[in-house]
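Notes for the one structure printed next.
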Amino acid sequence: MSPSPSLLWFRQDLRIADNPALRAARARGEAVLALYILDDETAGAWRAGGAARWWLHHSLTALDRDLQRLGAKLCLRRGRATEILPALTAEIGAGAVFWNRCYEPWAIARDKVLKAQLRDAGLTVESFNGALLHEPWAITTGQGGPYKVFTPFWKALLAAPPPPAPEAAPQRIDGLQEVASERLDDWALLPTTPDWAGGLRETWTPGEEGAAACLDTFLDQAAEGYPDQRDRPDRRGTSRLSPHLHWGEISPRQVWHAGQRAIAAGTHSERGVMAFLRQLGWRDFSHVLLYHWPDFPEQSWRHEFDAFPWREDEAAFTAWCRGRTGYPIVDAGMRELWHSGWMHNRVRMITASFLIKDLLIPWQRGEAWFWDTLVDADLANNAAGWQWVAGSGADAAPYFRIFNPVTQGEKFDPEGAYIRRWLPELAALPDAVLHKPWEAPPEVLEAAGVTLGARYPRPIVDHKAARQRALAGYETVKRQAAG
């Protein structure tokens, strides 16, 4: 009887090193077929957006190259995984299927069906945690339930056994070769008419090697100053690992232990590294919320916020998307997003606050725009961030915290380098009025070549009045919640 190969199903774990499903497939001792399925149908409205699809194309290219170096190759199929996986296991006579878990609601439902179906067919089926420090059900309160506030969750995570040490990449994979594969180019993941991805290409290097280089650069150049520099969009003070983590090109265990090694070696302070690793804790916490409240990306976690007097204002929403609100820090962030597929986290909070609280546009619309334009679009993180700003989520910002886009810009981009990079039409303005050009005297605007309402827009809303309007809306929410 001929040996039965193993099928390794790649999903959001596009790496060779520290890949539990790959380890299990190799340990079984038979040939391995590495598979990726583009399953847009199951994801529905939450299929990967445009920027994420660009990343996926290049990440799959890198993964296939890495697999071929080790003696395997990547098989590509497109369609419903519940149809493709059983058919492919029968086609190759597989005896086992391995994958690392995903935590989106549709992925959980799909995987449960597949596990039952494949096991009923006599196959061994195993799944693993390859995406988080701890599973979403592992860190619980004293009552056994999920945490709803981040700080006690973080303390409990630190008190739990540390995540296992990451495993090195294998030296060889006995790959199953003679299996038909679709062509990646036929999936049309890259933009063509127009090709808007030039900024993405100059900014990112998708793939496992790019992820490792990104972590090394951060530890070498920015980790020590992270607590003090992380809120400065004008400086390279953050890791930019988020897209690599989302696609699983690097595991959180690898990042965690690299940070711990830096502390142990004495090259980095505990203060700097742990402030950074805390963000991995927030990422885990976001997945706790998604796992235990599957409607988290669509519905306000605190349902009383459904009573907030939202507005439909397409002109204002379009101005926000295009970086034409008249508030420089907001517009710079939205243009950075469009150009690079990424936005600094402090500016994400500022732009989200402006959409929700200055314009009264539902947070779900901003979430959807970020989903389509971010290379690191992650369902749990994206929803948690937007609901935090809206005040409607678990452990959210107080409803009365409404970011002032002028003072935020002055505080976190004091020399105006970030504004000048992304809004070159304002570059000649002096620092004193750069964050509020509508207050500049006419002669200053003329000298800088700025014509408000033409080259750069006037503010589409008065922040002071908008703040009072938002606070009145939140008072309505409070009254309705009180009965």
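Since every read-out is calculated from the coordinates, none of them should be taken as a lab result. All figures in this text were calculated on a predicted structure; none of them were measured in a lab. Heads up, the Cβs are rebuilt from the backbone with ideal geometry, glycines too, and the neighbour counts pull from every protein chain shown.
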Restricting the stretch 194-299 to GluC sites (Glu not before Pro) in coil, as DSSP defines it, with at most 16 other Cβ within 10 Å: Glu298
- prompt: Taking Cα atoms, how many degrees apart are the long axis of helix 363-373 and the longest axis of the chain, rounded to 10 and kept between 0 and 90?
  reply: 60
query: Relative to the longest principal axis of the chain, what angle (0 to 90°, nearest 10) does the C-alpha long axis of helix 252-265 take?
result: 80
- line: The helix 81-92 Cα axis meets the longest alpha-carbon principal axis of the chain at an angle in degrees, between 0 and 90 and rounded to 10, of 30
- prompt: According to a simple spin-label model (label point 7 Å from Cα along Cα-to-Cβ), what is the distance in nm between Ala168 and Ala465?
  reply: 6.7
- request: Run the dipole for the chain about the Cα centre, Lys and Arg Cβ at +1, Asp and Glu Cβ at -1, nothing else charged, and hand back the magnitude in debye, nearest 20.
  value: 760
message: I'd like to know how the stretch 329-483 sits against the 2.2 N^0.38 Å rule of thumb: what's its Cα Rg over that expected value?
response: 1.11
statement: Going residue by residue through the stretch 290-305, the Karplus relation 6.51 cos²θ - 1.76 cosθ + 1.60 with θ = phi - 60° gives ³J(HN,Hα) values, rounded to whole Hz and with x marking Gly or Pro, of 5, 5, 8, 10, x, 8, 3, x, 10, 10, 4, 4, 9, 5, 5, 6
Stokes-Einstein D for the stretch 197-349, Kirkwood Rh over Cα pairs, 10 °C, 1.306 mPa s (µm²/s): 89
- prompt: Computed over the Cα atoms, what is the radius of gyration of the stretch 349-432 divided by 2.2 N^0.38 Å, N being its residue count?
  reply: 1.23
- prompt: Which order, highest average first, do 161-171, 369-379, 317-327 follow once you tally other Cβ atoms within 10 Å for each residue and take the mean per peptide?
  reply: 369-379, 317-327, 161-171
- request: Using label points projected 7 Å from each Cα along Cα→Cβ, tell me how many nm separate Val113 and Arg183, to one decimal.
  value: 3.1
query: Based only on Cα atoms, what Rg/Rh ratio does the stretch 279-383 have, Rh being taken as Kirkwood's radius?
result: 0.97
message: Given N residues in the chain, what is its alpha carbon radius of gyration divided by 2.2 N^0.38 Å?
response: 1.04
statement: Answer in debye to the nearest 20: the dipole magnitude of the stretch 299-419 about its Cα centre, from +1 Lys/Arg and -1 Asp/Glu charges placed on Cβ, is 160
- prompt: With the Cα gyration tensor of the stretch 6-129 giving a ≥ b ≥ c as the square roots of its eigenvalues, does the rule (a/c under 1.5 for rounded; else a/b larger than b/c for prolate; else oblate) give rounded, prolate or oblate?
  reply: oblate
field: In order through the stretch 219-236: 3J(HN,Hα) via Karplus (6.51 cos²θ - 1.76 cosθ + 1.60), integer Hz, x for Gly, Pro
entry: 5, 6, 10, 9, 4, 4, x, 4, x, 9, 9, 5, 8, 9, x, 7, 10, 8
field: Sites matching trypsin sites (Lys or Arg not before Pro) across the stretch 162-235 that sit in DSSP coil, with at most 10 neighbouring C-beta atoms within 10 Å
entry: Arg172, Arg183
- prompt: Among rounded, prolate and oblate, which fits the stretch 1-41 when a ≥ b ≥ c are the square roots of the eigenvalues of its C-alpha gyration tensor, a/c under 1.5 means rounded, and a/b larger than b/c means prolate?
  reply: oblate
message: Along the charge dipole of the stretch 343-483, pointing to its positive end and built from +1/-1 on Cβ of Lys, Arg, Asp and Glu, which listed residue (Pro457, Gly385, Gly473) has its Cα farthest out?
response: Gly473
task: With r as the distance between the Cβ atoms of Ala264 and Asp372 and R0 = 35 Å, compute the FRET efficiency 1/(1 + (r/R0)^6) and round to 0.05.
output: 0.25
message: Test of understanding: what is the full-extension gain from Leu452 to Thr407, defined as 0.36 nm times their sequence separation minus their Cα-Cα distance?
response: 14.2 nm
query: Asp431 to Thr476: FRET efficiency via 1/(1 + (r/R0)^6), r the Cβ-Cβ distance, R0 30 Å, to the nearest 0.05?
result: 0.15
- request: Measure out, as a whole number of angstrom, how far apart the alpha-carbon centroids of the stretch 75-130 and the stretch 29-62 sit.
  value: 14
